[in-house]
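Read through the structure below, which is laid out as structure tokens, and then see the notes.
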Amino acid sequence: MKNILVPTDFSATAQNAARYALQLAGQLGTPKVILYNAYQAPLMIDPMVPAVQLLDEEQLRNSSKESLDKFKLLLQPYCPAGCQLDTFCEYALLNNGLDPACVTNDAGLIVMGITGGGVLEEKLIGSNTVSVAKHSHTPVIIVPHNTRFAPIKNVMLLSDFDKADKPFLLNR
């Protein structure tokens, strides 16, 4: 099995998804799980200052790396024997950065948490996880916030049949 990529925002939901990914890696014999953080400059608009203030990209990168290192230390005890826990961060939008990050890190699977916001919240704001699942070229396992890992015995393939006329291969 190729590597597993775990996008993270360092939340409790992301931590649960990362633990799930590590346990799944143990079941599948996956060589590496990569904790991934796509960071971007938040816009800070102060009504007293006429210009938009931006944070330095170097500061953002350092902050992302530091947070990933702390997150990795927190998750290291869950890492199965024979599996390496690694980190990868880049300046990107989450949806735009995931497919290239999967290629760069040789990831064949994305494992991502979801908080389970209400219907209104998802309609107005959207869900990063649902958006990733819809647009990613790499398969995505969505882990609800309170889900605990259980060994996978059966798999169900879901499709919106958008590209059902194009064949694709499933590797065992």
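For the cross-link pairs Lys32/Lys72; Lys70/Lys134; Lys32/Lys65; Lys72/Lys153; Lys2/Lys70; Lys70/Lys153, which exceed 23 Å when the distance is taken from alpha carbon to alpha carbon? Among Lys32/Lys72; Lys70/Lys134; Lys32/Lys65; Lys72/Lys153; Lys2/Lys70; Lys70/Lys153, the Cα-Cα distance tops 23 Å for Lys70/Lys134; Lys72/Lys153; Lys2/Lys70; Lys70/Lys153. With all protein chains in place and ligands, DNA and RNA left out, the 1.4 Å accessible area ranks Lys65, Lys32 as Lys65, Lys32, largest first. When the residues Glu90, Glu57, Glu66 are ordered by accessible surface, computed with a 1.4 Å probe over the protein chains alone, the sequence from largest down reads Glu66, Glu57, Glu90.
The distance between label points at Ala12 and Ser136 comes to 2.3 nm (points 7 Å beyond Cα on the Cα→Cβ vector). The string of couplings for region 64-81 from the Karplus curve (6.51, -1.76, 1.60, θ = phi - 60°) is 5, 4, 4, 5, 5, 4, 5, 5, 4, 4, 5, 9, 3, x, 8, 6, x, 4 Hz, one whole number per residue in order, with x for Gly and Pro.
Residue by residue, region 102-114 carries 3J(HN,Hα) couplings of 5, 5, 4, 9, 6, 8, x, 7, 10, 10, 9, x, 9 Hz when phi is fed to the Karplus relation 6.51 cos²θ - 1.76 cosθ + 1.60 (θ = phi - 60°); x denotes Gly or Pro.
The values are calculated or read from the model by the stated rules, or taken from the named source; none is laboratory data. This is a predicted model, so every value here is computed, not measured. Heads up, the Cβs are rebuilt from the backbone with ideal geometry, glycines too, and the neighbour counts pull from every protein chain shown. The protein model used for the area step is the full one, side chains on, heavy atoms only, and it has no ligands, DNA or RNA in it. Shrake-Rupley method; radii C 1.70, N 1.55, O 1.52, S 1.80 Å.
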